[in-house]
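Presented below is the structure to which this report refers.
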Amino acid sequence: MTDSKTDIVIVGGGIAGISAGARLAPHARVTVLEGEDAIGYHASGRSAALYEASYGLPSTMALARGSGDFYLRETDYLSPRGLMLAGAAGEETDFARELAEMEMQQLSPDEAQAMLPILNPERAPLIGYSSEAWDIDTDRLLQDFARTIRANGGDVRTKAPVGAISRGARWQVTTPAGPIEADLLVNAGGAWADEVAKLAGIAPIGLTPMRRSMARVAAPEGHDPARWPMIFGVNESWYMKPDAGALLISPAEEEPTAPHDAWAEDMVLAEGIARYEDVMTAPVTRMISNWAGLRSFAPDRNLVIGHDARDSGFFWLAGQGGYGFLTCPAASLLAADLILGRAPAMEADIRALLSPKRFSA
């Protein structure tokens, strides 16, 4: 029989909830609830995760840079990848802006083709590059965080969807295995975070889940893409990333949708593949698999990290917008600092951008 009492219950077993649980577990009893059969099933399990710290809003970049000590110095979760930006004729202004924002160097056609042999310099004459980009071993990271929770006496429960949430002296969360009582509820529900808030009687903040699709395709015949960089179009109109001998290609769409187990649409995938093929010399010959995930955004697109403005027993850890793995070391540390009453390492102006209290002003 599972224990019905804990100090902190975390609703959501994606990278946000699991990383926060690992930070909190040495200091409090933590129970993580995941409705699916495995942790990281939804957005976290469908991410083409890359550590690149010069991308996104200022608050996102602050979290990414704050995650650098963990990723670049303390662990071996990263492997070199590199990142390219491809621009066509007519995109000079946006290309120059993104080149500067992402601190990239511009490459000559010969330099670009040396790194990515199938690139067509006639169709993509503008190429930027940064070596400061790494693949993240997402599954190992999730599993290691889960092990940290369990090693400290916490619990990670899968197949544990939340049926109801009520509030008395403590939170009571209903699951198929029985109710769980906790002093603090951490809402790491991803695309369902506003739904979790409503169950708890907390005002939603207006999160919007956005579908993003992905195709895994065969690498061009005669080519080994292992050392190729990830590449994306100006204004993130598409991207390609090597993946275990194949290629991941996404149209990088943002289609507002209700929270659900998302799937890719054929026409959307075809558009993304066509944009990729437009700047390459080798066409896609075979699709191996495809999927979609939901990237959830707050109205201002900053992440949401902090105690609810009206109920300090309810903590938001939501709105990752596709940056969950990129930011999780610093985001989970900030969450733990705020929950445990420690002086946060994150700067006050960044904390204000992330705080859910910005929606109650």
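The table below lists the values:
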| read-out | value |
| --- | --- |
| Cβ-Cβ under 9 Å pairs, at least 6 apart or on other chains, region 136-158 side within 13 Å of Arg23 (Cβ to Cβ), far side assigned to a strand (DSSP E or B) and among the hydroxyl-bearing types (Ser, Thr, Tyr) | Ile149/Thr31; Gly154/Thr31 |
| Single unsatisfied condition, Leu142 versus (1) within 30 Å of Gly14 (Cβ to Cβ); (2) more than 16 Å from the chain's Cα centre (by Cα); (3) not in a loop (DSSP other than H, G, I, E, B) | (2) |
| Only one of Lys159, Lys198 that is over 23 Å from Arg46 (Cα atoms), of a type outside the set (S, T, N, Q) and either buried (at least 16 other Cβ atoms within 10 Å of the Cβ) or modelled with pLDDT of 95 or more (or both) | Lys198 |
| Condition check for Ala100: more than 17 Å from Val234 (Cβ to Cβ) and either more than 17 Å from the chain's Cα centre (by Cα) or of a type in the set (Ser, Thr, Tyr) (or both) | no |
| Top-ranked residue in region 111-136 [being under 24 Å from the mean Cα position of the chain (by Cα) and in a loop (DSSP other than H, G, I, E, B); ranked as farthest from Tyr51 (Cα to Cα)] | Ser131 |
| Any strands (runs of 3 or more DSSP E) falling wholly within region 201-256 and containing at least 1 residues that are touching a residue at least 24 places away in the same chain (Cβ under 8 Å), small (Gly, Ala, Ser) and buried (at least 19 other Cβ atoms within 10 Å of the Cβ) | 208-218, 230-233, 246-250 |
| Residue in region 172-190 that is assigned to a loop (DSSP other than H, G, I, E, B), assigned by TED's automatic domain parsing to the domain that holds Ala16, surrounded by fewer than 21 Cβ atoms within 10 Å (Cβ to Cβ) and on the phi > 0 side of the Ramachandran plot present | no |
| Of all residues making up region 20-30, the number that are among the charged types (D, E, K, R) and out of contact with any strand residue (DSSP E or B) (no Cβ under 8 Å at 6 or more places or on another chain) | 1 |
| Residue that is nearest to Arg227 (Cα to Cα) [pool: residues in region 92-110 that are touching a strand residue (DSSP E or B) at 6+ places or on another chain (Cβ under 8 Å) and part of a helix (DSSP H, G or I)] | Pro109 |
| Residue match in region 4-19 (condition: closer than 30 Å to Trp171 by Cα, polar (S, T, N, Q), touching a strand residue (DSSP E or B) at 6+ places or on another chain (Cβ under 8 Å) and surrounded by fewer than 18 Cβ atoms within 10 Å (Cβ to Cβ)) | yes |
| Answer from Ala38, Ala48, Ala89, Ala64 - the residue that is in contact with a strand residue (DSSP E or B) (Cβ under 9 Å, 6 or more places away or on another chain) and surrounded by fewer than 17 Cβ atoms within 10 Å (Cβ to Cβ) | Ala89 |
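Per-residue answers, yes or no, for (1) within 10 Å of the chain's Cα centre (by Cα); (2) free of Cβ contacts under 8 Å to residues at least 12 places away in the same chain:
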site: Arg275; (1), (2): no, no
site: Met280; (1), (2): no, no
site: Ile288; (1), (2): no, no
site: Phe297; (1), (2): no, no
site: Asn302; (1), (2): no, no
site: Ile305; (1), (2): no, no
site: Asp308; (1), (2): no, no
site: Ser312; (1), (2): no, yes
site: Gln320; (1), (2): yes, no
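The values are calculated or read from the model by the stated rules, or taken from the named source; none is laboratory data. Note that the coordinates shown come from a computational prediction; the quantities given were computed from them, not determined experimentally. Quick reminder, even Gly has a Cβ in these numbers, built from the backbone with ideal geometry, and neighbours come from all protein chains shown.
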